[in-house]
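Asker: Attaching a single structure in structure tokens format; questions to follow.
The values are calculated or read from the model by the stated rules, or taken from the named source; none is laboratory data. What you see is a predicted model; the values in this text were computed from it and never measured. Here the Cβ positions follow ideal geometry from the backbone for every residue, glycine too, while neighbour counts run over all protein chains shown.
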Amino acid sequence: MTNGHASTNTRPLHNPLGLLAELTHRCPLGCPYCSNPLAMDKREDELDAATWARVFREAAGLGVLQVHLSGGEPASRRDLVQIMAAAREAGLYTNLITSGVGITDQRLNELADAGLDHVQISIQDSEPKSADHIAGYEGAYARKRALAAAVVALKLPLTVNIVIHRANIARVDALVAMALDMGGTRVEIAHVQYYGWALKNRAALMPTREQVETAVARIEPLRKQHHGRIVIDAVVPDYYARFPKPCVGGWGRRSLNVTPAGRVLPCHAAESIPGLEFWSVKDHSLRDIWERNPAFNAFRGTSFLPQPCQSCERRDIDFGGCRCQAFALTGDARATDPVCHLSPHHHVVAEQASIREDAEYVYRRL
Amino acid sequence: MNTPAAAPSIPPDARPRLPRGVRLVHNEAQGGWVLLAPERVFKADQIAAEVVKRCTGEASFAAIVDDLATTFAAPRERVEADVAALLQGLADKKLLEL
């Protein structure tokens, strides 16, 4: 295995496996937990298709295997088919992450013909009215179901992504049943992660501990019940966890993210941490950024971590958790993620989780 | 078309193949063979890669076992049990059609 070396030290670098390509921040939906930043890239600043093609070739050269074409809604780009084809041509596994609104049958056919490998459709609830309310878009549920049917008819593998929060957390069984009914071979039961828009809407989205425990306890029985028919992946609700999640598999370790305007980030929320300067694919090659951008090296490895992480047996398992969450909840991006019960700031998480209000959603709008 | 995971027995005339959305690729930077699937990457060791390469939808399970037993000069029964376990495991993860 050939590993690159950071110019600043001799620590071996990992090769990234996945690239999240945010083709645009435009989206017809307004989900209140959107993972896009509050300040979004404008249409006129979006990278053109030729630049994306170069980025995909550079990514493949860096060891990236899979590209996730996302947004916003990637179908808001008229040149989506061209962009997808360029990723496939670079040898990458192509995953289209879509809201399901905005892709015509004809465009889906073109994508399939050009070699699209996999489609992920998000759906907000198993109750159509609730789903449309959460998405902030009348008729979204029906359109998503229609696109899912078209995907399955083309024999493309389908993942159904369902973000879980207070309004739908009681329906985990029904949500998995819906994913099966849609023809999905994989379903993500993804509890909201509180960054960006979700952080803004936290009080309106946050479930109770009891609701979370009930929902989490359903996953294993559902896996047994549907074994061999659908793969159930769960993203845990970390405000109620004892240990933090490993930040994108480690900061600058396994994945990278390119924003619509071309800035390269270790994860989609990284720009919420002040003081980091992210380089753009307009000025640098992807390898240059991966190996040399100080922002990528800022939290690589574990040497920056304080106690209790330094002497913790989980140090190399979860890397002290998520940098963005550490910053959001403690004001210090180097701190132990306060989700960890060993963090001196752990009480903050419980305090924040206890704030629940049935307020109107602040919908995500460009 | 999946049998339960407990006792992997695959009919001799089954013709295993990778479904659309699952691809076996060789990648130097990642150190060898990898099986690419929706949101998943599986490192395949040399043996697993040899097995999966033969899952084209054309060769029968029996023919694949024969081929591997000959190629690697291994006892057929042992090869059959190992390959059945590998293929059933992949099928359970929706990475293979039997």
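Asker: Looking at (1) in a loop (DSSP other than H, G, I, E, B); (2) surrounded by 13 or more Cβ atoms within 10 Å (Cβ to Cβ), can you tell me which one residue B:73 breaks?
Answerer: Among (1) in a loop (DSSP other than H, G, I, E, B); (2) surrounded by 13 or more Cβ atoms within 10 Å (Cβ to Cβ), the lone unmet condition for residue B:73 is (2).
Asker: Looking at (1) within 24 Å of residue A:89 (Cα to Cα); (2) part of a loop (DSSP other than H, G, I, E, B); (3) of a type in the set (Gly, Ala, Ser), find the lone condition where residue B:49 falls short.
Answerer: Answer for residue B:49: the failing condition is (2).
Asker: A further question on this structure: Take the residues in the range B:4-23 that are farther than 14 Å from residue B:96 by Cα and aliphatic (A, V, I, L, M); name whichever of them is modelled with the highest pLDDT.
Answerer: B:7
Asker: Say we look at the range A:10-40 and pick out the residues that are touching a residue at least 24 places away in the same chain (Cβ under 8 Å) and not in a loop (DSSP other than H, G, I, E, B); which of these is nearest to residue A:53 (Cα to Cα)?
Answerer: A:21
Asker: Can you tell me which residue within the range A:316-360, out of those that are crowded, with 24+ Cβ neighbours inside 10 Å and of a type in the set (D, E, K, R), is nearest to residue A:306 (Cα to Cα)?
Answerer: Per the stated criteria, the residue is A:337.
Asker: Let me ask you something else. Give the residue that is modelled with the highest pLDDT, with candidates limited to residues of the range A:229-257 that are among the β-branched types (Val, Ile, Thr) and not in a strand (DSSP E or B).
Answerer: By that ranking, first place goes to A:230.
Asker: Further question: For the range A:163-184, which positions are surrounded by fewer than 23 Cβ atoms within 10 Å (Cβ to Cβ) and within 14 Å of another protein chain (Cβ to nearest Cβ)?
Answerer: Result: A:180, A:183.
Asker: Which count do you get for residues in the range B:24-44 that are under 12 Å from the mean Cα position of the chain (by Cα) and either touching a residue at least 40 places away in the same chain (Cβ under 8 Å) or over 22 Å from residue A:13 (Cα atoms) (or both)?
Answerer: Residues in the range B:24-44 being under 12 Å from the mean Cα position of the chain (by Cα) and either touching a residue at least 40 places away in the same chain (Cβ under 8 Å) or over 22 Å from residue A:13 (Cα atoms) (or both): 2 in total.
Asker: Now a separate question. If you scan the range A:181-204, which residues turn out to be polar (S, T, N, Q) and in contact with an Asp or Glu (Cβ under 8 Å, 6 or more places away or on another chain)?
Answerer: A:193
Asker: Do you know which of the residues in the range A:85-106 that are within 14 Å of another protein chain (Cβ to nearest Cβ) and hydrophobic (A, V, I, L, M, F, W, C) is farthest from residue A:56 (Cα to Cα)?
Answerer: This residue is A:97.
Asker: Name the residues in the range A:117-139 that are assigned to a loop (DSSP other than H, G, I, E, B) and within 14 Å of chain B (Cβ to nearest Cβ), would you?
Answerer: A:117, the sole residue that qualifies.
Asker: Going by the conditions given, is residue A:153 out of contact with any Gly (no Cβ under 8 Å at 6 or more places or on another chain), within 13 Å of chain B (Cβ to nearest Cβ), more than 25 Å from residue B:93 (Cβ to Cβ) and not charged (D, E, K, R)?
Answerer: It is false that residue A:153 is out of contact with any Gly (no Cβ under 8 Å at 6 or more places or on another chain), within 13 Å of chain B (Cβ to nearest Cβ), more than 25 Å from residue B:93 (Cβ to Cβ) and not charged (D, E, K, R).
Asker: Pick from the range A:61-77 the residues that are modelled with pLDDT of 95 or more and part of a helix (DSSP H, G or I): which of them is farthest from the other protein chains (Cβ to nearest Cβ)?
Answerer: Only one residue tops the list, namely A:76.
Asker: Now, a different point. Just to be sure I understand, how many residues within the range B:15-56 are more than 12 Å from chain A (Cβ to nearest Cβ), in contact with a strand residue (DSSP E or B) (Cβ under 6 Å, 6 or more places away or on another chain) and of a type in the set (Lys, Arg)?
Answerer: Selection size over the range B:15-56: 1.
Asker: Among the listed residues A:235, A:258, A:231, which satisfies the condition of being among the aliphatic types (A, V, I, L, M), surrounded by 21 or more Cβ atoms within 10 Å (Cβ to Cβ) and within 14 Å of another protein chain (Cβ to nearest Cβ)?
Answerer: A:231
Yes/no per residue for (1) modelled with pLDDT under 95; (2) of a type outside the set (D, E, K, R); (3) closer than 28 Å to residue A:27 by Cβ:
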| residue | (1), (2), (3) |
| --- | --- |
| A:304 | yes, yes, no |
| A:332 | no, no, no |
| A:335 | no, yes, no |
| A:352 | yes, yes, yes |
| A:356 | yes, no, yes |
| A:361 | no, yes, yes |
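Asker: Collect the residues in the range A:83-109 that are farther than 16 Å from residue A:65 by Cβ, in contact (Cβ under 8 Å) with a residue 12 or more places away in the chain and surrounded by fewer than 16 Cβ atoms within 10 Å (Cβ to Cβ), keeping them in residue-number order.
Answerer: A:105, A:107, A:109
Asker: Report, by residue number, each residue of the range A:203-231 that is in contact with a helix residue (DSSP H, G or I) (Cβ under 7 Å, 6 or more places away or on another chain) and in contact (Cβ under 8 Å) with a residue 12 or more places away in the chain.
Answerer: A:205, A:206, A:207, A:209, A:211, A:212, A:215, A:218, A:222, A:226, A:229, A:230
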